[in-house]
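Engineer: Here it is, the structure in full.
Where a number appears in this text, it was derived from the coordinates with a stated rule and is not lab data. None of the values given here were measured: they were computed from a predicted structure. Glycine gets a Cβ as well: all are built from the backbone with ideal geometry, and neighbour counts include every protein chain shown.
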């Protein structure tokens, strides 16, 4: 891997133990220009950082050494973990994001990301299912890395979880309505997968559950993101609950 250094001052000064690192959290930078993203992540006033940044050309930049907490996850939760900075490595991928003409990630970016994650999984013995998106751990606040991120492709290399359902089965169940008890089952499945089904913020329950459903769809049903739970969402959640819980 080709690595360059551009250290950020934004990290917790106390070192952590290697066995505290349980997760890899993936982000997009969400800024129009790459240089602006780098400037923000290295600006002491921004109070933001990540351990790694992947540039548009696939170059990997080290911003915070793994032994320190970078400030990338914020208010977040997954399974029994809260505020995941202390237990995770953050990787930012240069992409303008949803607010600035969101685009596909480049092949060079994904190839570099694949190499980096496989290295980190081996080094810290990270479980593949603990490779998550920012929107997974903060569904009310974040959309990244978004529905154009190739989760299904990366899962074939042991990076992140994915379901085992065929496209034919998925399409056959798309937009099929479900009953109230099925919706309860859906959220129970999300809890088994790792999503927090209780809001960390004071949001109305219906608003929170819709945002949670959208986060699930951005990750596992990228073709249709509407915040509505149909039979397709239900069977994906059932499949994942068995595979990932």
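Engineer: Please check: in the Gaussian network model of the chain (C-alpha springs, under 10 Å), which one of 28, 195, 81 has the largest mean-square fluctuation.
Structural biologist: Looking only at 28, 195, 81, the largest GNM fluctuation is found for 81.
Engineer: What is the chain's relative contact order, in percent, from Cα pairs under 8 angstrom and six or more apart in sequence? Let's see the in-between values first.
Structural biologist: Values: 459 pairs, mean separation 49.2, N = 245.
Relative contact order comes out at 20 percent.
Engineer: Let me ask something else about it. Any idea what angle helix 205-220 forms with the longest principal axis of the chain, computed on alpha-carbon atoms, 0 to 90 degrees, nearest 10?
Structural biologist: Taking Cα atoms only, the helix is inclined about 70 degrees.
Engineer: Please give the Cα centre distance for segment 82-123 versus segment 136-195, rounded to the nearest Å.
Structural biologist: If we compute the Cα centre of each part, the gap is 19 Å.
Engineer: Compute the angle between helix 231-244 and the longest alpha-carbon principal axis of the chain, please, reported from 0 to 90 degrees and rounded to the nearest 10.
Structural biologist: In the chain, helix 231-244 runs at an angle near 60 degrees to the longest axis.
Engineer: Which angle between 0 and 90 degrees, to the nearest 10, do you get for helix 107-124 versus the longest principal axis of the chain when only C-alpha atoms count?
Structural biologist: For helix 107-124, the angle is close to 80 degrees.
Engineer: Okay, moving on. How much FRET efficiency would the formula 1/(1 + (r/R0)^6) give for residue 39 and residue 125, where r is the Cβ-Cβ distance and R0 is 30 Å, rounded to 0.05?
Structural biologist: E between residue 39 and residue 125, to the nearest 0.05, is 0.30.
Engineer: For the chain, what does the alpha-carbon gyration tensor say about shape, rounded, prolate or oblate, given a ≥ b ≥ c as the root eigenvalues, a/c under 1.5 as rounded, and a/b over b/c as prolate?
Structural biologist: On the way: a/c = 1.72, a/b = 1.60, b/c = 1.07.
Verdict is prolate for the chain.
Engineer: Turning to a different aspect of this structure: Return the single residue from 69, 92, 34 with maximal mean-square fluctuation; model: Gaussian network over the chain, springs between Cα atoms under 10 Å.
Structural biologist: Checking each option, the largest mean-square fluctuation is seen for 34.
Engineer: Quick one: if the Förster radius is 41 Å, what FRET efficiency do residue 67 and residue 165 give, using the C-beta to C-beta distance and rounding to 0.05?
Structural biologist: On the way: r = 40 Å, r/R0 = 0.97.
Taking R0 as 41 Å, the efficiency between residue 67 and residue 165 is 0.55.
Engineer: Full extension from residue 103 to residue 153: what is 0.36 nm times the residue separation minus their Cα-Cα distance, to one decimal in nm? Spell out each step's value before the answer.
Structural biologist: Details: separation 50, 0.36 × 50 = 18.00 nm, distance 1.70 nm.
In short, 16.3 nm is gained.
Engineer: Once both labels are modelled 7 Å past Cα along the beta-carbon direction, what's the residue 184-residue 5 spacing in nm?
Structural biologist: Reported label-point gap for residue 184 and residue 5 is 5.8 nm.
Engineer: Using a ≥ b ≥ c from the Cα gyration tensor of segment 77-158 (square roots of the eigenvalues), is it rounded, prolate or oblate, where a/c under 1.5 gives rounded and otherwise the larger of a/b and b/c decides, a/b for prolate? Can you show the working numbers first?
Structural biologist: Values: a/c = 1.93, a/b = 1.11, b/c = 1.75.
Oblate, since a/c reaches 1.5 and b/c is not below a/b.
Engineer: Taking 0.36 nm per intervening residue step and subtracting the Cα-Cα distance, what contour gain separates residue 115 from residue 176 on full extension?
Structural biologist: On the way: separation 61, 0.36 × 61 = 21.96 nm, distance 3.91 nm.
Between residue 115 and residue 176, full extension yields an extra 18.0 nm.
Engineer: Could you sort the peptides 215-223, 161-169, 57-65 by per-residue average Cβ neighbour count (10 Å cutoff), highest mean leading? Write down the numbers at each step before the final one.
Structural biologist: On the way: 215-223: 20.9, 161-169: 14.1, 57-65: 17.8.
Highest-to-lowest ranking by the protection proxy: 215-223, 57-65, 161-169.
Engineer: Additional query: Could you tell me whether segment 115-204 comes out rounded, prolate or oblate from its Cα gyration tensor? Rule is a ≥ b ≥ c as square roots of the eigenvalues, rounded for a/c under 1.5, then prolate if a/b exceeds b/c, otherwise oblate.
Structural biologist: Working: a/c = 2.08, a/b = 1.31, b/c = 1.58.
Judged from the Cα gyration tensor, segment 115-204 comes out oblate (a/c at least 1.5, b/c at or above a/b).
Engineer: If you don't mind, another one. Per q in 0.17, 0.24 1/Å, what log10 I(q)/I(0) does a Debye calculation on the alpha-carbon atoms of segment 167-244 return?
Structural biologist: Calculated log10 I(q)/I(0) at the listed q: -0.61, -1.23.
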